[in-house]
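Comments concern the structure below.
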Amino acid sequence: MKNYLLNYFKFFLKRYVFILLTITISLIASTITKSAEENIFIVSDVEVNGVMDTNFSRDRLINKAFSNSFKTLMSRILLSKDLKKVNNFKLKQIKNLIDSFNILEESYSKVEYRVKIKVKYSDIKVKKFLGDKNIAFSQPEYVSAVFYPVLFINDEVQSFNKNFFYKNWLNTRINNELINFIMPLEDLDDLSRIIKMKTSVEKLDIKNFVKKYDIENYIFVLMDYQNPKLNLYLKANFNNNKITKNISYNVKNINDENNLSFILKDLKLKITDIWRAENLVNFSMPLLIKLKFKHNNLKNLDKLKNTFSSIGIIDNYTLEEFDINDSFFKIYYYGNPKKLKSELYTRGYTINNNQSFWQIYLNE
């Protein structure tokens with residue numbers, strides 16, 4: 001009987017301490033607003049130079065660096081088609097979006113001045129600016145994907161060592177590269193299957209070609225040149241989201257490398273835009289979701305709070321209810337549920353809809 005009372009007292013005390021600590025944490029931070037800076041808003045190594053003559057102005061060149069950094073940031077987070085919407089943004093407006101800047105390098109000579117700076121933009125101000133203009137913002141992470149280009153010229157498939165796009169893909173650079181492209185090795189059996197399926201390529205199972213590289217993301221492009229058209233059928237998979245696209249270019253001479261280089265770069269931009277589009281967020285209005293979390297201890301609860309604070313699309317969250325086993329959160333976020341699920345999954349959590357409510361689990 002004595003042991004029973006002692007165990008009961010220990011259980012009661014443990015429960016009381018847990019609830020007391022949880023209440024204390026809740027009172028200190030019942031509502032937490034996301035304000036952590038994301039690296040995507042830091043533009044580094046912006047370099048400008050100017051002639052040291054009678055019209056030289058250091059401030060004018062640093063202002064030019066600010067303008068260049070803004071263009072770099074916009075090309076990083078916007079789709080290509082939306083860049084023209086911010087072309088005429090004034091210097092005063094750009095400066096209003098900047099939190100701080102650092103001069104990394106500065107040099108004077110008899111004929112030239114050179115400066116390199118790092119600019120830190122306010123994520124809150126940039127998001128508000130884009131929301132006011134109703135421009136969707138992309139916050140993609142770096143991703144690896146197999147790039148599989150197949151080129152037919154007048155119905156004859158080209159080997160990889162004759163395929164201009166295969167040979168020059170990795171050497172062609174674009175601003176703000178987001179995709180680490182993995183180039184496949186030539187496999188005659190794969191090419192044979194592609195030749196057979198050329199007229200019904202949409203039925204081709206690309207997984208059979210890329211699974212050997214142990215990467216789920218891929219971009220398969222079948223290029224068919226029939227003078228004067230180069231028709232492309234693109235099939236991509238990013239994080240289990242499948243995309244297909246048809247693209248066409250005018251090509252009078254398939255051996256014109258200048259024209260092919262332009263097409264290659266444009267195709268690379270279009271593929272990067274596909275990845276950006278998978279990560280679009282509209283900041284004009286946040287969405288609301290309520291989550292239930294089953295925790296074992298306060299450490300798990302604190303870890304989840306820190307996770308919410310680390311996710312850029314979460315605007316703020318509130319711990320509404322709790323007991324010894326469960327916590328109930330109200331979360332305001334931008335984008336769509338699929339994006340929120342993906343962000344949480346990469347951080348070790350899974351969301352499921354259990355009929356009347358959403359539940360979040362710590363992955364085992």
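Tabulated data for the structure shown
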read-out: Any chance residue 160 is of a type outside the set (A, V, I, L, M), closer than 27 Å to residue 82 by Cβ and in contact (Cβ under 8 Å) with a residue 24 or more places away in the chain; value: no
read-out: Residue tally, condition modelled with pLDDT of 95 or more and under 17 Å from residue 77 (Cα atoms), over the range 88-121; value: 6
read-out: The range 314-364, residues that are assigned to a loop (DSSP other than H, G, I, E, B) and either out of contact with any Asp or Glu (no Cβ under 7 Å at 6 or more places or on another chain) or modelled with pLDDT of 85 or more (or both); value: 323, 324, 325, 335, 336, 346, 347, 348, 355, 356, 363, 364
read-out: Filtered residues of the range 308-334 (kept if surrounded by fewer than 18 Cβ atoms within 10 Å (Cβ to Cβ) and touching a helix residue (DSSP H, G or I) at 6+ places or on another chain (Cβ under 7 Å)); value: 324
read-out: Failed item in (1) within 23 Å of residue 278 (Cα to Cα); (2) part of a strand (DSSP E or B), with residue 127 passing the rest; value: (2)
read-out: Out of 99, 59, sole residue that is surrounded by 12 or more Cβ atoms within 10 Å (Cβ to Cβ), outside the structural domain of residue 186 (by TED's automatic domain parsing) and either over 28 Å from the mean Cα position of the chain (by Cα) or of a type in the set (Asp, Glu) (or both); value: 99
read-out: Residue check, residue 171 in a loop (DSSP other than H, G, I, E, B), at pLDDT below 90 and exposed (fewer than 11 other Cβ atoms within 10 Å of the Cβ); value: no
read-out: Residue count for the range 204-219, restricted to those that are over 11 Å from residue 190 (Cβ atoms) and either outside any loop (DSSP other than H, G, I, E, B) or charged (D, E, K, R) (or both); value: 8
read-out: The range 236-274, residues that are part of a strand (DSSP E or B), modelled with pLDDT of 95 or more and crowded, with 19+ Cβ neighbours inside 10 Å; value: 236
read-out: Cβ-Cβ under 9 Å pairs, at least 6 apart or on other chains, the range 285-308 side farther than 12 Å from residue 362 by Cβ and in contact (Cβ under 8 Å) with a residue 40 or more places away in the chain, far side in a strand (DSSP E or B) and of a type in the set (Gly, Ala, Ser); value: 291/327; 292/327
read-out: Selection status of residue 146, touching a Leu at 6+ places or on another chain (Cβ under 8 Å) and modelled with pLDDT of 90 or more; value: no
read-out: Matching residues, the range 82-131, being over 21 Å from residue 64 (Cβ atoms) and without any contact (Cβ under 8 Å) to a residue 24 or more places away in the chain; value: none
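The values are calculated or read from the model by the stated rules, or taken from the named source; none is laboratory data. Predicted, not measured: the structure shown is a model, and the values here were computed from it. All Cβ positions, glycine included, derive from the backbone under ideal geometry; neighbour counts span all protein chains shown.
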